[in-house]
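Below is one structure; the comments refer to it alone.
The values are calculated or read from the model by the stated rules, or taken from the named source; none is laboratory data. Quick caveat: nothing in here was measured; it's all calculated off a predicted structure. Cβ placement follows ideal geometry from the backbone for every residue including glycine, while neighbour counts extend to all protein chains displayed. What goes into the accessible areas is simple: the full protein's heavy atoms, side chains included, and nothing from ligands, DNA or RNA. Shrake-Rupley method; radii C 1.70, N 1.55, O 1.52, S 1.80 Å.
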Amino acid sequence: MAYTVEVADLTKSYGATEVLRGVDLTIPAGTVHGMLGANGAGKTTLVRILATLIGYDGGTARVAGHDVARDARAVRGAVSLTGQYAAVDEVLTTRENLTMVARLRRLSGAASAARTDELISRFDLGAIADRRATTYSGGQRRRLDLAMSMVVPPTLLFLDEPTTGLDPRSRDQVWATVRELADTGVTVLLTTQYLEEADQLADRISVLDGGRIVAEGTPEELKTQVAGEVVRLTYGDTAAYEAALATLRTPEVTADRVLLTVDVPTDGSPESLRRLLDSLAVAGASPRRVGMHAPSLDDVFLTLTNPKQEALR
Ligand code: ATP
């Protein structure tokens with residue numbers, strides 16, 4: 001099958017609140033798809049619909065070739081949900097947790113033991129295999145949680161903010177685990193607020209904003225949509241910063257009131273930089289420092305989800 005997820009014109013409201021307003025999404029089998037969105041954008045709602053936990057109002061949604069509404073049972077057999085709230089049983093060890101899931105999934109005793117050993121080795125859990133989960137770090141618990149979701153590999157794995165609250169080293173380990181898992185051919189729908197996470201893990205990314213997909217593409221495609229280069233102006237005092245904002249009040253500009261920085265997308269040419277600095281000088285808004293960087297996914301996100309008015313207020 002070409003696509004693990006096929007969603008067309010999906011709508012969902014809670015009372016008068018329209019949460020999804022016509023979402024289209026296709027995820028090719030065996031790929032990692034990043035779903036980005038601010039708090040309240042509708043990410044969890046979309047995942048819950050695809051996992052058959054809640055219904056929807058309009059449109060169509062198919063997972064692993066099965067209609068989510070009409071064939072919920074088959075969909076449930078094809079998906080696994082994991083993420084922020086690890087399903088690990090705290091009083092059990094890694095070995096016991098994995099074996100328990102294997103037995104619940106009706107593997108025989110011998111098959112359960114073999115699968116447990118295999119997952120301990122693949123997810124690098126040997127050091128904690130026989131220790132109770134109460135003693136694990138957040139990162140170890142997430143890795144065990146991921147291993148548990150792979151006891152019987154699903155067609156589609158939902159990963160909900162898998163590294164929220166982890167320190168950078170644990171986060172890197174969880175990312176390595178997700179890559180490992182993606183290499184086995186499982187399709188992953190990753191929801192995250194961390195742009196770096198999507199950049200690191202996702203083959204393609206959708207940006208959900210106000211209940212609609214506002215952009216879709218590879219991380220690189222999304223970055224090139226924004227601008228050639230971003231010029232960062234750093235100010236030493238609020239008056240000059242405010243004067244710059246008054247001069248540059250265009251939709252593409254993003255600003256940080258605390259750091260006193262203003263980011264302006266440009267084509268990266270000396271002429272555009274000269275024009276920009278000249279107009280600022282005329283307005284009495286010359287910056288203290290000027291830097292340039294290639295657009296990051298942060299720039300993409302901020303540009304596409306349009307929080308500038310907020311930032312500029
Ligand atoms: P977050 O990143 O904060 O988890 P999200 O993108 O996952 O956000 P959702 O949880 O899908 O967003 O919520 C989208 C909108 O739907 C929010 O405005 C939320 O308040 C609303 N919402 C979610 N569940 C319900 C519900 N059961 N009843 C009413 N409103 C709801």
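So that you can scan it fast, the table gives a plain yes or no per residue for (1) at negative phi; (2) open to solvent by less than 80 Å² (accessible area, probe 1.4 Å); (3) within 14 Å of the chain's Cα centre (by Cα); (4) in the same structural domain as residue 283 (by TED's automatic domain parsing):
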| site | (1), (2), (3), (4) |
| --- | --- |
| 189 | yes, yes, yes, no |
| 198 | yes, yes, yes, no |
| 219 | yes, yes, yes, no |
| 244 | yes, yes, no, yes |
| 248 | yes, yes, no, yes |
| 252 | yes, no, no, yes |
| 258 | yes, no, no, yes |
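Only one of (1) within 16 Å of the ligand (Cβ to nearest atom); (2) closer than 25 Å to residue 204 by Cβ; (3) open to solvent by 40 Å² or more (accessible area, probe 1.4 Å) fails for residue 24. Which number is that?
So residue 24 meets the others, but not (1).
Go over the candidates 55, 15, 37, 59 one by one and state the one that is over 26 Å from residue 153 (Cβ atoms) and open to solvent by less than 20 Å² (accessible area, probe 1.4 Å).
Among 55, 15, 37, 59, only 37 is over 26 Å from residue 153 (Cβ atoms) and open to solvent by less than 20 Å² (accessible area, probe 1.4 Å).
Take the conditions open to solvent by 10 Å² or more (accessible area, probe 1.4 Å) and under 27 Å from residue 45 (Cα atoms) and apply them to residue 168. Does it pass? Quick ask: steps written out before the conclusion?
Details: open to solvent by 10 Å² or more (accessible area, probe 1.4 Å): yes; under 27 Å from residue 45 (Cα atoms): no.
Here the answer is no, as residue 168 does not meet what is asked.
Out of the range 38-77, which residues are β-branched (Val, Ile, Thr) and touching a Lys or Arg at 6+ places or on another chain (Cβ under 7 Å)?
Step one: filter the range 38-77 for residues β-branched (Val, Ile, Thr), giving 44-45, 47, 49, 52, 54, 60, 63, 68, 75.
Listed by number, the residues that qualify are 45, 49, 52, 54, 68.
Filter the range 39-64 down to the residues that are under 20 Å from residue 29 (Cα atoms), among the hydroxyl-bearing types (Ser, Thr, Tyr) and under 17 Å from the mean Cα position of the chain (by Cα) and list them by number.
Listed by number, the list is empty, since nothing qualifies.
Which is under 23 Å from residue 30 (Cβ atoms), out of contact with any Phe, Trp or Tyr (no Cβ under 6 Å at 6 or more places or on another chain), surrounded by fewer than 19 Cβ atoms within 10 Å (Cβ to Cβ) and in contact (Cβ under 8 Å) with a residue 12 or more places away in the chain, of 174, 152? Steps first, please.
Details: 174 fails: surrounded by fewer than 19 Cβ atoms within 10 Å (Cβ to Cβ).
Being under 23 Å from residue 30 (Cβ atoms), out of contact with any Phe, Trp or Tyr (no Cβ under 6 Å at 6 or more places or on another chain), surrounded by fewer than 19 Cβ atoms within 10 Å (Cβ to Cβ) and in contact (Cβ under 8 Å) with a residue 12 or more places away in the chain holds for just one of 174, 152, which is 152.
Counting just the residues of the range 153-194 that are of a type in the set (Gly, Ala, Ser) and away from the ligand (no atom under 16 Å from the Cβ), which one comes out farthest from residue 39 (Cα to Cα)? Please lay out each step first, then the result.
If we filter the range 153-194 for residues that are of a type in the set (Gly, Ala, Ser), which is where we start, we get 165, 170, 176, 182, 185.
With the extra rule that they be away from the ligand (no atom under 16 Å from the Cβ), the set shrinks to 170, 176, 182, 185.
Details: 170: 24, 176: 26, 182: 26, 185: 30 Å.
Here the answer is 185.
What pairs come out if I take residues in the range 67-80 that are more than 14 Å from residue 55 (Cβ to Cβ) and pair them with residues that are part of a helix (DSSP H, G or I) whose C-beta lies under 6 Å away, six or more apart or interchain?
These pairs meet every condition: 80/149.
Can we say residue 104 is modelled with pLDDT under 95, within 30 Å of residue 207 (Cα to Cα) and open to solvent by 30 Å² or more (accessible area, probe 1.4 Å)?
No, not satisfied.
Does residue 63 satisfy the criteria of being more than 13 Å from the ligand (Cβ to nearest atom), touching a helix residue (DSSP H, G or I) at 6+ places or on another chain (Cβ under 8 Å), over 14 Å from residue 190 (Cα atoms) and in contact (Cβ under 8 Å) with a residue 60 or more places away in the chain?
For residue 63, the condition - more than 13 Å from the ligand (Cβ to nearest atom), touching a helix residue (DSSP H, G or I) at 6+ places or on another chain (Cβ under 8 Å), over 14 Å from residue 190 (Cα atoms) and in contact (Cβ under 8 Å) with a residue 60 or more places away in the chain - is met.
Taking helices (runs of 4 or more DSSP H) that fall entirely within the range 130-229, which contain at least 3 residues that are of a type in the set (Asp, Glu) and at pLDDT below 90? Before you say what the answer is, go through the steps one by one.
On the way: elements: 138-149, 168-183, 195-201, 219-226.
It comes to 168-183, 195-201.
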